[in-house]
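To start, the structure itself, in structure tokens.
Read the figures in this text as sums done on the coordinates, not as results from a lab. In this text, all values refer to a predicted model and were calculated from it rather than measured experimentally. Cβ placement follows ideal geometry from the backbone for every residue including glycine, while neighbour counts extend to all protein chains displayed.
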Amino acid sequence: MQTIPQAPFHNLHALWFQLTGTLCNLACSHCFISCSPTNHALKFVAPETVYRYLDEAETHGVREVYFTGGEPFLHKQIIPILARSLQAAATSVLTNGTLITPTVADELAALATTSRYSLEMRISLDDVDEARNDAVRGKGALRRALRALRLLQERGLPPIVAVTEYFYEAPETTPQEPGSGSGFYQKFRDFLLENGIEKPRLKVIPVFAMGKLHPSETGAAYVTPGMMHGFDVTTLQCTKSRIVADGGVYACPLLVGEPEARLSENSLSEAMQPCSLYHTACHTCYVTGMTCSNY
Amino acid sequence: MVYRRIAVFGGVYSNYRALAATIEDARRHQAEALFCLGDLGGFGPCPDRVYPLLREAGVQVMRGNYDVSLADGLTDCGCGYTDPRDNYYAALSYEYTFRHTSEENKHWLRTLPDVLRVQVGSYRLHMCHGSPRQVNEFLWESTTPDGFLSKLCGDYEADVLLCTHTGIKWHRRLPDDRHAVNVGVIGRPENDGETHVWYTLLTAAPDLQVAFIPVYYDYEALARDMRQEQLPEAFVETIRSGWWTTCLEVLPGKERACGRW
């Protein structure tokens, strides 16, 4: 049997929280952990748990904090949780944006204004075409996400739009003269500008063949020991981040709930150890250079 | 070496006019030594013009990511952009700078250190380009927490951390009289609608004093140089307006909100 490669742990650059487990108000057709309004497989993380891990992360010099789900705005304590997180570090929320009402946007703006560190709202879209986007994300998803983008912008919070490569296979990142052609970035930039988002910010994410898109085992690809020779392992996010979720601390936001990816039941320090690159998702990160942080 | 007052700057970006003005101003402020935290080229015109100025003034220079790329003949500047628009401008700038930097100067870049350590009064200074742990790590004010900075001070046995790379200056006082300072850049204005650039004076009085000094220079002359060299009009616009027009994707929300684009 072949040895499974390991990723060393370098430093705690980012701490993630899967705040709302697998519960989401949407049920996107490509969701990597099959979140939905009825999926309670992974439970919410309690505010006290968040605070305890934030305290621990600060002693390790954490640089960034991320909240994801599920849909984080389903958590009733989201605002005080973000307030506490912003005392520690720059904080980002990965959201579908559909629950960001004017009242919520006001609360977020108040937090952002009084904080020394950046509060980032990362709102997911799949396409600029309403029918195509909503076919993945549910009816009305694009319209409601756009509302959130506008609400945030009006309050001085330039949002980030996160787009998967679901409809756009490996968009080009090679140099492209501004305004030339119909490139992926240009298409989204134009769409956001047309909709009054004056400072378009894009984050592109590969699609992971897991969750609702789980491939057949025969088609799955894995990282092999030979692939580690000469490879800059620091490009892997698991060398510099950990995620707290129902059940403990995991190596990767994509692998929450997976026993093989759980590094500790209750200690961040304990989880700062090498992790196994055992999953097909590890192969995707290896190949794409995927970074789940904002930059 | 222990100093009482030093001048520190970063990101020259081939802006030889601002460099000359900075050196003159630092002398007027009686800086005992001048330090440059790297990124000599990129963005501006005629890159070879900055080297004699640095050498003649005895500036102590370390390498930034741009200098590493030029010295090692790498294919890009190492800023790590993903947006093709940013990569278009970054590639254009890098190719121009690579083509117009002499072999002699590229060789000189290879001889430069990646870290500088000096003492100002009783304070131990650790100078780096991006962060002490990574040459191209961006230390923005809004994404660099106190706990992280304190840990770096401990890890690198420093009372004061100095960096550049982002293009926007800031100063943070930490517990135990430690400090972190992003010294800003002199190559382009800092995205606030003003055309001047900034360098930093550090003085032991004997407590550490950190002063950001504005440098006013002939930016219209630089803009003419840039047009003569057929550099992108987007770069010229930044020099003339004080607003960044390119490579915006790496800006965190707070910093992005302050700019025009």
By Cβ neighbour count within 10 Å, fewest first, A:F44, A:F191, A:F17 rank A:F191, A:F44, A:F17
Surpassing 30 Å at the alpha-carbon level, of the pairs A:K43/A:K240; A:K76/B:K254; A:K212/B:K151; B:K106/B:K151; A:K187/B:K169, are A:K212/B:K151; B:K106/B:K151; A:K187/B:K169
In cubic angstrom per residue, the convex hull of chain B built on its Cα atoms measures 114 Å³
Candidate cut points under GluC sites (Glu not before Pro) in region A:80-174, DSSP loop plus at most 11 other Cβ atoms within 10 Å of their own Cβ, are A:E169
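Using the number of other C-beta atoms within 10 angstrom as an exposure proxy, rank A:T68, B:T75, B:T82 with the fewest first.
Fewest to most other Cβ atoms nearby, the residues stand as B:T75, B:T82, A:T68.
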Once both label points are put 7 Å beyond Cα along the C-beta direction, the A:E194-B:E32 separation in nm becomes 6.3 nm
Cα-based Rg then Dmax for chain A, in Å, read 18.7, 57
Highest GNM mean-square fluctuation among A:V204, A:V104, A:V65, for chain A with Cα springs under 10 Å, belongs to A:V104
Computed over region A:6-288, the relative contact order (Cα-Cα under 8 Å, seq sep at least six) in percent reads 23 percent
Inter-chain shielding metric for B:243-256, i.e. average beta-carbon neighbours from other chains within 10 angstrom, reads 5
Computed about the Cα centre, the charge dipole of the protein assembly as shown from +1 Lys/Arg and -1 Asp/Glu charges at the Cβ has a magnitude in debye, to the nearest 20, of 720 debye
Here the Kirkwood hydrodynamic radius of region A:217-258, Cα-based and in Å, equals 12.3 Å
Pseudo-spin-label distance B:W261 to A:H40, built 7 Å along Cα→Cβ, given in nm, is 5.1 nm
To the nearest 20 debye, region A:191-264 has a Cα-centred charge dipole, built from +1 on Lys and Arg Cβ and -1 on Asp and Glu Cβ, of 220 debye
Summed over the other residues with a beta carbon less than 12 angstrom from that of A:G156, with K and R at +1 and D and E at -1, the charge totals +1
Treating only Lys and Arg (+1) and Asp and Glu (-1) as charged, each at its beta carbon, one finds that chain A has a dipole about its Cα centre, in Debye to the nearest 20, of 500 debye
The alpha-carbon pair-distance distribution computed for region A:1-159, with 10 angstrom bins and whole-percent values, is 11, 36, 34, 16, 3, 0
Taking region A:105-174, the whole-percent share of alpha-carbon pairs separated by over 18 angstrom is 47 percent
Residue by residue through region A:74-85, the couplings from Karplus 6.51 cos²θ - 1.76 cosθ + 1.60 with θ = phi - 60°, in Hz, x for Gly and Pro, are 7, 7, 5, 9, 4, 5, x, 5, 5, 4, 5, 4
Expressed in nanometres to one decimal, the distance between label points 7 Å along Cα→Cβ at A:H229 and B:E194 is 5.6 nm
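Taking the Kirkwood radius as the inverse of the mean 1/r across Cα pairs, report the Rg/Rh of region B:129-209.
0.97
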So, relative contact order of chain B in percent, Cα under 8 Å, 6 or more apart, is 23 percent
Rounded to the nearest 10 degrees, the helix B:219-228 long axis (Cα) sits at an angle to the longest Cα principal axis of chain B of 40 degrees
A chain fully extended from B:Q228 to B:V115 at 0.36 nm per residue, minus the present Cα-Cα distance, gains in nm 37.1 nm
Taking placed amide H atoms and a strict 5 Å upper bound, the residues 5 or more places from B:R124 or on another chain that come that close are B:D159, B:V160
Of all DSSP beta bridges with both partners in chain A, the antiparallel percent, nearest 5, is 20 percent
Longest principal axis of chain B (C-alpha) makes with the long axis of helix B:146-155 (C-alpha) an angle, in degrees to the nearest 10, of 70 degrees
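Determine the sum of side-chain charges near B:L54: Lys and Arg each +1, Asp and Glu each -1, restricted to other residues whose C-beta is under 13 angstrom from that of B:L54.
Once positives and negatives cancel, what remains is -1.
How big is the antiparallel share of DSSP beta bridges in the protein assembly as shown, given as a percent to the nearest 5? Show your work: numbers first, answer last.
Values: 30 of 72 bridges.
So the antiparallel bridges in the protein assembly as shown amount to around 40 percent.
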If R0 = 22 Å, then A:D129 and B:E237, at their Cβ-Cβ distance, give a FRET efficiency to the nearest 0.05 of 0.10
In nanometres, the difference between 0.36 nm per residue of separation and the alpha-carbon distance of A:T113 and A:H10 is 33.8 nm
So the pair-distance distribution of region B:94-241, from every Cα-Cα distance in 10 Å bins, comes to percents of 10, 33, 33, 19, 5, 0
A correct Karplus calculation of ³J(HN,Hα) over region A:120-136, with 6.51 cos²θ - 1.76 cosθ + 1.60, θ = phi - 60°, whole Hz and x for Gly and Pro, returns 10, 9, 10, 9, 8, 9, 10, 7, 7, 8, 4, 5, 5, 4, 6, 5, 8
Binned at 10 Å starting from 0, the alpha-carbon pair-distance distribution of the protein assembly as shown in whole percents comes out as 3, 17, 27, 27, 17, 7, 1, 0
With -39,500 (n - 2.57) per DSSP H segment of 4 or more residues and division by the full residue count of chain A, the 222 nm estimate, nearest 500 deg cm²/dmol, is -8500 deg cm²/dmol
